[in-house]
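As structure tokens, the structure follows; a few thoughts come after it.
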Amino acid sequence: AAGRPLKGKRALVTAGPTFEPIDPVRGLTNRSSGKQGYAIAAALADLGAEVTLVSGPTALSAPPGVTRVDVETAAEMHAASMSTLPVDVAVMTAAVADWRVDDVASGKIKKAPGGPPMLSLIENPDILASVSSAKSKRPRLVIGFAAETSDLEAQARAKLSRKGCDWIVGNDVSDEVFGSDGNAVTLITRGGAKAWPRQSKAAVARALAARIAETLTD
Ligand code: C5P
């Protein structure tokens, strides 16, 4: 059990972007390779957890021993995440589109002399906030990510209270994060903040999984 401290624990990880259709051939999406989320799913599974990875479209394959649920839209990611509860820990790394197109066209929208179409957007559900406020099924530990280009700690701390989660992994995306293998993160908890040295996404994932194991086996 020493090597598998999360044996018997369940984990939900969301990862990747979401894709929100405009019509059958076009859509709105976010920039996210899914690498950090997949690495966290793998690290939790390595420690013995039973991991469900709810993933938007990525080029990655599921880590061994992880159950992957493929979704496209935020609404699908929300439904798949909520139906995975109860879990002991939820790690929400997905780059969820904030909005979706209100009225998705059933056929391809044509270029017309009248000019470009107007897209009307509506807000997507906040999956992290929903999981954090799940009544009897709230995970013991809910972890969100905050990708910021300035004021990382203050923004992340605001996000922690707004979303009702327990930890935020703050991500400085002002340089070289998207699609790259390295990451510089700050772990923000209710008690404080700690900047981790820049390291590979796999190393960030192992360190986070170790912290999760410590907390859940307390
Ligand atoms: O508000 P913002 O998108 O910056 O928050 C980022 C955090 O919230 C990430 O953990 C992300 O996975 C999560 N999130 C979510 N559902 C949304 C928007 C963000 O789960 N609709």
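The values are calculated or read from the model by the stated rules, or taken from the named source; none is laboratory data. In this text, all values refer to a predicted model and were calculated from it rather than measured experimentally. Glycine gets a Cβ as well: all are built from the backbone with ideal geometry, and neighbour counts include every protein chain shown. Surface accessibility is based on the protein's heavy atoms, side chains included, excluding ligands, DNA and RNA. Shrake-Rupley method; radii C 1.70, N 1.55, O 1.52, S 1.80 Å.
Numerical summary
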item: Amide proton proximity set for Val69, modelled H, under 5 Å, gap of 5+; result: Leu53, Val54, Ser55
item: Rounded accessible area per residue of the range 121-218, 1.4 Å, Å²; result: 50
item: Ala59 versus Val173: modelled label distance in nm, points set 7 Å from Cα along the beta carbon direction; result: 1.8
item: Rounded to whole Hz, the Karplus (6.51, -1.76, 1.60) HN-Hα couplings of the range 79-85, x for glycine and proline; result: 4, 5, 5, 5, 7, 7, 5
item: With every protein chain in place, the chain: carbon and sulfur % of accessible area (1.4 Å); result: 52
item: Size of charge dipole - the chain - debye, nearest 20, with Cβ of Lys, Arg +1 and Asp, Glu -1, no other charges; result: 440
item: Three-way shape label, the chain, alpha-carbon gyration tensor, a/c 1.5; result: prolate
item: Sites Gln199 and Ser150, calculated FRET efficiency, Cβ-Cβ separation with R0 25 Å, nearest 0.05; result: 0.70
item: Accessible area (Å², per residue) of the range 6-66, counting only protein heavy atoms and a probe of 1.4 Å; result: 39
item: Structure-based [θ]222 nm, the chain - -39500 (n - 2.57) summed over DSSP H runs of at least 4, per residue, nearest 500; result: -8000 deg cm²/dmol
item: Computed label-point distance, nm, for sites Thr189 and Arg211 using a 7 Å Cα→Cβ extension; result: 0.8
